[in-house]
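Everything on this sheet refers to the single structure shown next.
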Amino acid sequence: MNKFIILFASAILLVACTSPKDQLSFAESISVRWELVTNFTDEHNVFEAKFDITNNGDFALSNKNWTLFFNMAPRKLLEPKIKEPASLHHINGDWYKLVPNENFNLEPGQSITIGYRGVEAVIKETDRPLGLYIVFYDDNGAEKKIVEVMDYTWAAFDKPEQINRNAEDEEPIPTAEWVYKTNADAGVVPDSELKQVIPSPVNLRMGRGTLDLSNEMEIYFQNGLENEAKYLAASLKDLTGKEFKTVTTPSSTKLITLWLKDMTVSNVSKEAYSLEVAEDGIAISGSDAAGVFYGIQSLRALVPIEAYQKKSSIVSLPHVFIEDAPRFSFRGLHLDVSRNFQTKETILRLLDLLSFYKINRFLFYTTEDEGWRLEIKDLPELTSVGAQREHTAGKETAVLHPAYGSGPFAKAEGKFGHGYYSRKDFIEILKYANERHIKVIPELNFPGHARAAIKAMEARYEKFMKDGKEAEANEYRLIDPQDASVYLSAQGYKDNVVSVARESVFHFYEKVVDEITAMYAEAGLKLDEFHTGGDEVPEGAWTKSPLAAELMTKHPEIRDPKNLQAYFFRELLKRLKKRNLQVHGWEEVALMKTSEGEYVPNPEFAKENVVPYIWNNMFDYPDLGYRLANAGYSVVLCNVSNFYFDLAYNKDPKEPGLYWAGFVDTRHAWTFAPYDMFKTTTKNSMGQKLDLETGNMKAGGKSKIIVEHLRPEARKNILGIEAQVWSETIKGREMLEYYTLPKLIGFSESAWAAERKWETIEDKTQRETLIQQEWNVYANSLAKKELPRLSYLNGGYHYRIPSPGAIVENGKLKANVAYPGLIIRYTTDGTEPTLNSLKYENPVDIKGTILLKSFDASGKASRVVQVN
């Protein structure tokens, strides 16, 4: 549920030439530099940026033979106060163009500046213009050649007016000095106080001895646990390099036993387990196979870091007894692979990670405006058209235009706009997830966010119409071709909503669901949960659709086009229930609009086993999750202030990510009180303090509200929690893992671990003191155990290490780090610190410029910081 109404407007230009000289060489001779000038202009919430273009070529640039295309985050552009040499125009989504004005001319050796203004601040390097390319035209205006811009740079964000958003922005700039002060309460704790297992078990008792684990110990398993035994044997082989036998009749005395038994822990009898490591072996019992699997993961968590650093056939494990069960039955991660694609191999790595931290749902977002990523039998256009992006003459063509910097050419190497999962790939992913007790939930987001499907089916329509097959052409068509409605979606699209008045739209939806169901069956699984999306249908959709008008005539109870979404969902629900599916959707599917434009729970679907996912916990409706739960809906909490992993860790311009709802770090994901979330929603998107417990609120244009608390009898309606990873700014595996880790580790504690003491403390001062104490232990555990382990699992993950904080006072360098236990190293000669650089331990006399980095035990480093 991504409200991507942020970011910036930017672009560039290049040139076209009238001579026959190779235009690629010519394009390489054009240099473009982009700069954010300021976010503080003479108008509120308006930024100013500019392009400096230098013609290093041999030919002049004219006003007719070129246009520059590019991507930037959707936002409103303002009319320039003075006439500029070229003008920016929004085409669709995040696709823009820069067009030379009538008197434009740039001679060889000359430079020119083009300024522009837009609404909402630009504060990140990831906000810069992306995917720049030039289309050259001939004398008749026909497209002649497409050339990517090669020489492109951007200015650093190093001034407060470039990093702060507006006068209301109270989120601090994370300088080294500010970070140092923020880390003041963090301190190193003894290793004996570290978390032995994350997420924290319900009960854990440490013994006094150790057990030497080796392959002399057989894995003795009960029938029905073959999968778990196989998984454990493979994990231990990765750890020790030795084969471990799996047996149903043991021959040795020391065993690793996997067993099923009736058990209840904290009133939970599903996914529960016990784990005992003792002198005579290891015993894992589970209430079901999933419980046994989670016991195995806790066993893996007990392995000391030294066993990964120095491989040995024998691993020493502490004696311990654990009883454990999850707090929530639904512990999910959502991943968007539509906007920027991720490979099958990356998905499998992610599933391994989820299973290690006991996450059991994976919402796989494979359809969006910018891409369709799943092969569907009999509908090849969904992937031949919908799984790639390329330059096209305009938004009207049956092609997906470039987005998020994907560039002008389909399937270009190093770009992330193309790619899909074949049926074979998807079935492999389903099996892999199931072996790790993760349920994959597919999503087909309708009626909005549907542009990739729309364009694919328009290509199909055109193909069959060309062959004179009108019935086949219309079988899966998704639009009303006469619809003249004007709207703009949250992501800037003017054409991403299907026609809810066409039976062919429902036919398409059912076809896709049935084909996905068939893939589950081929994987040996039953599809029983399906996510229908349903978010962000823009105002104005269907208002000028003849088919919609005809439908409303037949159904006068609809009354207004804004109620057509509820009609669509009602009709869709009938069809999905026939397939015995539990229907999930974003919060809008469970809401209706009053005549005053206010959203309220729609009681119609509360008893239909519809599960809304709620992201909004700090804008106009911060209590929406509780209102829906109190109304009888089973809900999944996806709080944007805690669980949106695509939001940047902080405000540092070099820290990638979005910030439309503020910033989310690992501590935010850990600090969550699901039954009283107002205690842990402490500031709004601008960093201003919120006190929702008393109704004091600065977000959403309201200064005072009365929030609805969760009723005790409605607690059972909180199914669980989910973290989101939307991919607008995420390019490739490393960025995905960086955004996810270590946030996922904090999230796992909120999803699995029992209620923490501070969640029920009413006194704010006492609560915050206890939160800090418990977080400090957790942060130490991240530094000393969790992060270094990630360097070795699966060949190593690309996780984030926080940079140190530092100040110089009276000539002395003082430094600290957010995760105590990380090592700080520094230099004074201008070079970046390495593992061989000076280690910071105590304040030290120093002069000049100091560069510092944090390192974990595996040698992985943070980004460098500088103090003078």
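The values are calculated or read from the model by the stated rules, or taken from the named source; none is laboratory data. These numbers come from a predicted model, not from an experiment. When we count neighbours, we look across all protein chains shown, and the Cβ atoms used for this are built from the backbone with ideal geometry, even at glycine. SASA here: full protein model, heavy atoms, side chains in, ligands and nucleic acids out. Shrake-Rupley method; radii C 1.70, N 1.55, O 1.52, S 1.80 Å.
Of note:
- Selection count, segment 535-569, where residues are aliphatic (A, V, I, L, M) and in contact with a strand residue (DSSP E or B) (Cβ under 8 Å, 6 or more places away or on another chain): 1
- Of all residue pairs spaced 6 or more apart or on separate chains, none has beta-carbon atoms under 6 Å together with a first member in segment 760-777 that is under 18 Å from residue 666 (Cα atoms) and among the aliphatic types (A, V, I, L, M) and a second member that is open to solvent by less than 30 Å² (accessible area, probe 1.4 Å) and at pLDDT below 95.
- Looking only at residues in segment 381-393 that are open to solvent by less than 10 Å² (accessible area, probe 1.4 Å) and in contact with a strand residue (DSSP E or B) (Cβ under 8 Å, 6 or more places away or on another chain), the one that is farthest from residue 511 (Cα to Cα) is 387.
- Qualifying residues in segment 609-647 (those that are surrounded by 24 or more Cβ atoms within 10 Å (Cβ to Cβ) and among the small types (Gly, Ala, Ser)) - the one nearest to residue 157 (Cα to Cα): 641
- Put simply, of 378, 425 the only residue that is open to solvent by less than 40 Å² (accessible area, probe 1.4 Å) and in contact (Cβ under 8 Å) with a residue 60 or more places away in the chain is 425.
- Check on residue 485, touching a residue at least 60 places away in the same chain (Cβ under 8 Å) and over 27 Å from the mean Cα position of the chain (by Cα): yes
- Here residue 399 fulfils each of the conditions (1) part of a loop (DSSP other than H, G, I, E, B); (2) more than 19 Å from residue 724 (Cβ to Cβ); (3) out of contact with any Asp or Glu (no Cβ under 7 Å at 6 or more places or on another chain) apart from (3).
- Taken together, the residues in segment 793-813 that are surrounded by fewer than 18 Cβ atoms within 10 Å (Cβ to Cβ) and of a type outside the set (A, V, I, L, M) amount to 8.
- Enumeration of residues in segment 825-865 that are surrounded by 13 or more Cβ atoms within 10 Å (Cβ to Cβ), in contact (Cβ under 8 Å) with a residue 60 or more places away in the chain and of a type outside the set (A, V, I, L, M): 856, 858, 860, 862, 863
- Checking 266, 287, 274 one by one, the residue that is hydroxyl-bearing (Ser, Thr, Tyr) and open to solvent by 40 Å² or more (accessible area, probe 1.4 Å) is 266 and no other.
- Yes/no for residue 534 being in contact (Cβ under 8 Å) with a residue 24 or more places away in the chain and surrounded by 14 or more Cβ atoms within 10 Å (Cβ to Cβ): yes
- Candidates in segment 36-94 are the residues that are of a type in the set (D, E, K, R), under 28 Å from residue 538 (Cα atoms) and assigned to a loop (DSSP other than H, G, I, E, B); of these, the one that is least open to solvent (accessible area, probe 1.4 Å) is 94.
- Selection within segment 208-248 - without any contact (Cβ under 8 Å) to a residue 40 or more places away in the chain, surrounded by 15 or more Cβ atoms within 10 Å (Cβ to Cβ) and part of a strand (DSSP E or B): 218, 219, 220, 221, 246
- Test set (1) over 21 Å from residue 388 (Cβ atoms); (2) hydroxyl-bearing (Ser, Thr, Tyr); (3) open to solvent by 20 Å² or more (accessible area, probe 1.4 Å) - residue 489 fails condition number: (3)
- Number of residues in segment 119-131 that are in contact with a strand residue (DSSP E or B) (Cβ under 7 Å, 6 or more places away or on another chain), open to solvent by less than 40 Å² (accessible area, probe 1.4 Å) and assigned to a loop (DSSP other than H, G, I, E, B) equals 3.
- Members of segment 804-859 found to be under 29 Å from residue 308 (Cβ atoms), of a type in the set (Gly, Ala, Ser) and part of a loop (DSSP other than H, G, I, E, B), listed by number: 818, 821, 837, 857, 858, 859
- Residue within segment 814-824 that is open to solvent by 40 Å² or more (accessible area, probe 1.4 Å), modelled with pLDDT of 95 or more and farther than 23 Å from residue 655 by Cα present: yes
- Any hit, segment 132-145, residues being assigned to a strand (DSSP E or B), open to solvent by less than 30 Å² (accessible area, probe 1.4 Å), in contact with a helix residue (DSSP H, G or I) (Cβ under 7 Å, 6 or more places away or on another chain) and within 30 Å of residue 60 (Cα to Cα): yes
- In segment 563-575 there is no residue that is open to solvent by less than 40 Å² (accessible area, probe 1.4 Å) and over 34 Å from the mean Cα position of the chain (by Cα).
- Single residue of segment 157-167 satisfying the filter (within 17 Å of residue 650 (Cα to Cα) and assigned to a loop (DSSP other than H, G, I, E, B)) that is most open to solvent (accessible area, probe 1.4 Å): 158
- So residue 365, is it touching an Asp or Glu at 6+ places or on another chain (Cβ under 7 Å) and either crowded, with 24+ Cβ neighbours inside 10 Å or under 18 Å from residue 432 (Cα atoms) (or both): yes
Listed here are the residues, each with its yes/no results for (1) at pLDDT below 95; (2) open to solvent by 30 Å² or more (accessible area, probe 1.4 Å); (3) of a type outside the set (Lys, Arg).
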position: 301; (1), (2), (3): no, no, yes
position: 309; (1), (2), (3): yes, yes, yes
position: 334; (1), (2), (3): no, no, yes
position: 339; (1), (2), (3): no, no, no
position: 350; (1), (2), (3): no, no, yes
position: 353; (1), (2), (3): no, no, yes
position: 359; (1), (2), (3): no, no, yes
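- Residues that are of a type in the set (A, V, I, L, M, F, W, C) and touching a Phe, Trp or Tyr at 6+ places or on another chain (Cβ under 9 Å) within segment 480-518 comprise 490, 497, 498, 500, 501, 505, 506, 508, 513, 516, listed in sequence order.
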